[in-house]
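Enquirer: Starting off with a structure, shown below.
The values are calculated or read from the model by the stated rules, or taken from the named source; none is laboratory data. Because the structure is a prediction, the values reported are computed rather than measured. Ideal geometry is used to build each Cβ from the backbone, glycine not excepted, and the neighbour counts take in all protein chains shown. Quick note on the areas: whole protein, heavy atoms, side chains included, nothing else; ligands and nucleic acids left out. Shrake-Rupley method; radii C 1.70, N 1.55, O 1.52, S 1.80 Å.
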Amino acid sequence: MAKEIYSRLMSDPGGGDPFDRHLFACAVAMALSSPGESLTLGLGLSEECLAALVGRYFPQAPGLLSGLSLSGHGDAPLTIEEPDLRTLLLDYRTRDLIEEEWLAHIVARRCLGANHLWQDLGLTSRADLSGLMRRHFVGLAELNSRDMKWKKFFYRELCQREGVLICRSPNCEVCSDFGLCFGAEDGTSMLSGQPVAKPTLSDFAPDTIV
């Protein structure tokens, strides 16, 4: 189902940057494929923000807004960490774009999933997620220079902001949990059901690359 939704969203002409459109189409497709979950809840976006996103990137798909009430609260946090994670991302926003506000909410909400973050975002590979971070939150991407798993990295950063000691090992190399933090994030795309590696940021026009 998710693959079909993604294909429909990307098949017609739309607005906005091509790579960002791909990112949003992946996330929308995944959220819509979760039974019993509204699109705003799945994305962590207010109804007003979702309407703006759809209007900019998927104007040919007004059905995404069916039954939408602008008085809703789809962006209400589901955990106490979610607002902090949104703030962390926005503190490192690259371009001061409204898309970065939308992505901060979407990434924070999809971090609540049980899979690798790139999978819960519906992306085609971890390279997509790295491309998202380099493009829109480059400061955080640079801080994650050792390529720690993104969920682990985000929550480590949040703990450090609060002065919470989360690791007692003197360095990562001697830590027994090294594989949990830095192991490969291979797997099957939840969007297509197949292990794929495209598209990534480099597959789009050169002027979209930071």
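Enquirer: Taking a probe of 1.4 Å, how large is the accessible area per residue of the stretch 1-104, in Å²?
Expert: About 46 Å² of surface per residue is accessible.
Enquirer: How large is ³J(HN,Hα) for each residue in the stretch 93-103, as worked out from phi by the Karplus curve 6.51 cos²θ - 1.76 cosθ + 1.60 (θ = phi - 60°), to whole Hz, x for Gly and Pro?
Expert: 4, 8, 10, 6, 9, 5, 4, 6, 5, 4, 5
Enquirer: Can I ask one more? Take ASP91, ASP96 and sort them by solvent-accessible surface of the protein heavy atoms, 1.4 Å probe, largest at the top.
Expert: The residues order as ASP96, ASP91, largest area first.
Enquirer: Could you give me the ³J(HN,Hα) list for the stretch 3-13, computed from phi with Karplus coefficients 6.51, -1.76, 1.60 and θ = phi - 60°, whole Hz, x at Gly and Pro?
Expert: Ordered by residue, 3J(HN,Hα) equals 4, 5, 4, 4, 4, 5, 5, 8, 7, 9, x Hz.
Enquirer: Hey, what do the phi angles of the stretch 149-161 turn into as Karplus ³J(HN,Hα) couplings, whole Hz, using 6.51/-1.76/1.60 and θ = phi - 60°, x for Gly and Pro?
Expert: Running phi through 6.51 cos²θ - 1.76 cosθ + 1.60 with θ = phi - 60° gives 4, 5, 4, 4, 5, 4, 6, 5, 4, 5, 5, 5, 5 Hz.
Enquirer: Would you work out what percent of the accessible area of the stretch 1-144, with all protein chains in place, is carbon or sulfur (probe 1.4 Å)?
Expert: So the carbon and sulfur contribution to the accessible surface is 55 percent.
Enquirer: Another question, if that's okay. Just read off the accessible area of PHE137 with the full protein assembly in place, 1.4 Å probe, to the nearest 10 Å².
Expert: 0
Enquirer: Would you pull out the residues with amide H under 5 Å of ASP75's amide H, same chain only if 5 or more places away, H placed 1.01 Å from N?
Expert: So ASP75 has HN proximity to SER46, GLU47.
Enquirer: Same structure, new question: Give the peptides 113-121, 57-65 in descending order of average Cβ contacts within 10 Å, highest first.
Expert: 113-121, 57-65
Enquirer: Could you pull out every residue, at least 5 positions away or on a different chain, whose amide H is within less than 5 Å of the one on ASP17? Hs are placed 1.01 Å off N in the peptide plane, and Pro or chain starts have none.
Expert: none
Enquirer: Ordering GLU157, GLU142, GLU4 by accessible area with a probe of 1.4 Å, largest first, what comes out?
Expert: These residues rank, largest area first, as GLU142, GLU4, GLU157.
Enquirer: Right, another one. What are the trypsin sites (Lys or Arg not before Pro) within the stretch 52-140 that DSSP puts in a loop, where the Cβ has at most 15 other Cβ atoms within 10 Å?
Expert: Those that pass, being in a loop and sparsely packed, are ARG95.
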